[in-house]
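A.B. asks: Just dropping this structure here.
The values are calculated or read from the model by the stated rules, or taken from the named source; none is laboratory data. Note that the coordinates shown come from a computational prediction; the quantities given were computed from them, not determined experimentally. Glycine also receives a Cβ, built like all others from the backbone with ideal geometry; neighbour counts cover every protein chain displayed. In case anyone asks, the SASA skips ligands and DNA or RNA and just uses the protein heavy atoms, side chains included. Shrake-Rupley method; radii C 1.70, N 1.55, O 1.52, S 1.80 Å.
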Amino acid sequence: MSTLAHTMMTAARSTDSGLVGPGELDRYSYGDAPVGDRVGTPAWDGGESELGRVGRRPAGNRGRGLHGQLVQQLGQMIVSGDLGADRPLVPEEIGQRFEVSRTVVRESLRVLEAKGLVSARPNVGTRVRPVSDWNLLDPDIIEWRAFGPQRDDQRRELSELRWTIEPLAARLAAGHGREEVQQRLSDMVEIMSHAMAQGDALTYSRADTEFHALLIQVASNRMLEHLSGIVGAALQVSGGPVTACDRPNDASLAQHARIVDALGTGDGGAAEAAMRQLLTAHPEVERVVPAPREH
């Protein structure tokens, strides 16, 4: 087995997208979070384990500590193809190679099983499952695919999915205007404007993520809200088809502001149109979003 090495660059995911009053911006320390850009190189062929050096976004449903880090590394290896479908995963071997306890290995494999990446059966053991069995809407799998061999497909699929979800969410949100939501969305636009002027990409990304998550939340459609994690994951994945959200500029800020204005007047059509414009690729990019595909 060759050594796996992935260099990933993603902004920290916002830890709270709940509704708050306009005077509580200090709850969100947008500029204080460290950027977790490191290289994780599992010592699958022996040698010194680098498990503790993995640092990405908050672990979320991966777990914390060694547990979360092992889930991260094994997940990356499965999604990248380094651990191919139907490959047996021997807990004792994993524990030895990554220098972790059997409890950590067992809990990590349970998380991966819940994501559809592995299956555990009596008298068969734990094996890697084929892509068709993976939970492709899981934010961790989205992230791992986006930085692996399937990166182009993942980013295209995310862009197309956002183009379907978010304009509808914007239209629905216009019919559920609430003053505190309006203020919070306006606050996010202001933070994004300031961050862009300061060249602070991390703060911009965190405010932008909250803007879109809040917009989906206020649409008052529980099924759409369930998909908000997909949008959040998409916003953390850079380098795909370029939308206004991927390249902060005055035009991007203007579209965000237009969405807020449309929500304020209850104009669902205008909110939807502004969101579609926001998600449309820049003219200089060959691939538009969504790109028509030949079948």
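A.B. asks: Does Ile142 fit the bill of being closer than 30 Å to Met275 by Cβ, assigned to a helix (DSSP H, G or I) and either in contact (Cβ under 8 Å) with a residue 40 or more places away in the chain or of a type in the set (A, V, I, L, M, F, W, C) (or both)?
C.D. replies: When the stated conditions are applied, Ile142 passes them.
A.B. asks: Filter region 80-124 for residues that are assigned to a helix (DSSP H, G or I) and β-branched (Val, Ile, Thr) and give the result.
C.D. replies: Ile94, Thr103, Val104, Val105, Val111
A.B. asks: Give the residues of region 256-278 that are within 22 Å of the chain's Cα centre (by Cα) and open to solvent by less than 60 Å² (accessible area, probe 1.4 Å), sorted by residue number.
C.D. replies: Correct list: His256, Met275, Leu278.
A.B. asks: I would also like to ask the following. Could you please give the count of residues in region 176-208 that are open to solvent by 70 Å² or more (accessible area, probe 1.4 Å) and free of Cβ contacts under 8 Å to residues at least 12 places away in the same chain?
C.D. replies: Looking only at that region, the number is 5.
A.B. asks: Oh, and also: Could you tell me which residue of region 92-118 is nearest to Leu137 (Cα to Cα), considering only residues that are buried (at least 17 other Cβ atoms within 10 Å of the Cβ) and without any contact (Cβ under 8 Å) to a residue 40 or more places away in the chain?
C.D. replies: Gly116
A.B. asks: Only one residue in Arg127, Arg106 is modelled with pLDDT of 85 or more, in contact with a strand residue (DSSP E or B) (Cβ under 8 Å, 6 or more places away or on another chain) and within 17 Å of Leu74 (Cβ to Cβ). Which one?
C.D. replies: Exactly one residue qualifies, and that residue is Arg127.
A.B. asks: Could you list, in sequence order, all residues of region 209-224 that are more than 17 Å from Ala271 (Cβ to Cβ) and either of a type outside the set (Ser, Thr, Tyr) or surrounded by fewer than 22 Cβ atoms within 10 Å (Cβ to Cβ) (or both)?
C.D. replies: The answer is Glu210, Arg222, Met223.
Okay, residues lined up against (1) of a type in the set (Ser, Thr, Tyr); (2) under 18 Å from the mean Cα position of the chain (by Cα); (3) closer than 13 Å to Ile78 by Cα; (4) not in a loop (DSSP other than H, G, I, E, B):
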{"site": "Leu137", "(1), (2), (3), (4)": "no, yes, no, no"}
{"site": "Gly148", "(1), (2), (3), (4)": "no, yes, yes, no"}
{"site": "Asp153", "(1), (2), (3), (4)": "no, yes, no, yes"}
{"site": "Leu158", "(1), (2), (3), (4)": "no, yes, no, yes"}
{"site": "Arg162", "(1), (2), (3), (4)": "no, yes, no, yes"}
{"site": "Ala170", "(1), (2), (3), (4)": "no, no, no, yes"}
{"site": "Gly175", "(1), (2), (3), (4)": "no, no, no, no"}
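A.B. asks: Can you confirm whether Arg56 is on the phi < 0 side of the Ramachandran plot and at pLDDT 90 or above?
C.D. replies: In short, no.
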